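So the structure is just underneath, and the comments pick up after that.
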Amino acid sequence: MPVAPLRRVIDKLEKHYGPPLKPFPADPFQQVLWVNVAYLADDTRRAAAFKTLKRGVGLTPEKILHAPVATLRAATAFGILPDRFAKKLRECARIALDDFNGDLDAITTLPVAQAKRALRHFPGIGEPGAEQILLFSGRQPLLAPDSNGLRVLQRLGISPARKSYAAAYAAARGVTSGQLGADTPLMQRAHQLLRRHGHERCKATAPACNRCPLASTCPRTGVPS
Ligand code: SF4
């Protein structure tokens, strides 16, 4: 079965799930906070934690650095290890102020490799996280798939399997940039739709292929369109 072009896959997913919500948050420092505010929480609890942080403390590095740990803990308690992550929020604030003068926007204007190195100073931000920040700040057309999105790309035959996650992620970057080009809004839509599809239907175990809008073009089902 020929591999479906990624654009066609995205169109089908959008027709099925509807247009993705506006990416939130877009601000680079807020994205760092989003990652660290609730360890191992799902999206709903993470959003509640972020709201609690915003209301109780604020979202600037200055406010977070000077907030009592107990106040930060009210937000991080939506995830596990709340004390450790309250300290991580402070660490994020300290790095933002000490290393970047509180201005992470400036990082996103650097050349990509340099920007990624800078963002990886923050707790919890590896290469995929750094690319995701650049994507949702609107600065770089990188798909930055999460593990759900990467699984979908591999099952559809769009991106090859590799021995390590890092190698598979790098391969996906090359393939998706080649297919979608330098269209950042399209990359954002693709990221969100692939993530949702991997989370809701194309799960790691027992994917719901019988209810999948991509079944006709998926090599796993073997039913040509
Ligand atoms: S048909 Fe199954 S394996 Fe293929 S994309 Fe859909 S859910 Fe995933």
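The values are calculated or read from the model by the stated rules, or taken from the named source; none is laboratory data. Computed from a predicted model, the values in this text were never measured in an experiment. Methodologically, a virtual Cβ is constructed for each residue, glycine included, from the backbone with ideal geometry; neighbour enumeration extends over all protein chains shown.
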Practice problem: Go through segment 87-116 and give me each residue that's free of Cβ contacts under 8 Å to residues at least 12 places away in the same chain and either farther than 16 Å from Leu59 by Cα or buried (at least 22 other Cβ atoms within 10 Å of the Cβ) (or both). | Solution: Asp98, Ala106, Leu110, Pro111, Ala113, Gln114
Quiz item: Any chance segment 145-167 includes a residue that's over 22 Å from Cys202 (Cα atoms), polar (S, T, N, Q) and exposed (fewer than 15 other Cβ atoms within 10 Å of the Cβ)?
Solution: no
Exercise. Can you confirm whether segment 25-38 contains a residue that is of a type outside the set (Val, Ile, Thr), assigned to a loop (DSSP other than H, G, I, E, B), within 18 Å of the chain's Cα centre (by Cα) and within 18 Å of Asp183 (Cβ to Cβ)?
Key: yes
Self-check item: Any helices (runs of 4 or more DSSP H) falling wholly within segment 72-130 and containing at least 1 residues that are farther than 23 Å from Arg173 by Cα and of a type outside the set (Val, Ile, Thr)
Solution: 82-100, 105-108
Exercise. Among the residues of segment 36-56, write down those that are surrounded by fewer than 21 Cβ atoms within 10 Å (Cβ to Cβ) and of a type in the set (A, V, I, L, M).
Key: Leu40, Ala41, Ala47, Ala48
Quiz item: Of Asp27, Asp43, which residue is at pLDDT below 95 and at negative phi?
Solution: Asp43
Exercise. Output the residues belonging to segment 128-149 that are polar (S, T, N, Q) and either closer than 16 Å to Leu6 by Cα or within 10 Å of the chain's Cα centre (by Cα) (or both).
Key: Gln132, Ser147, Asn148
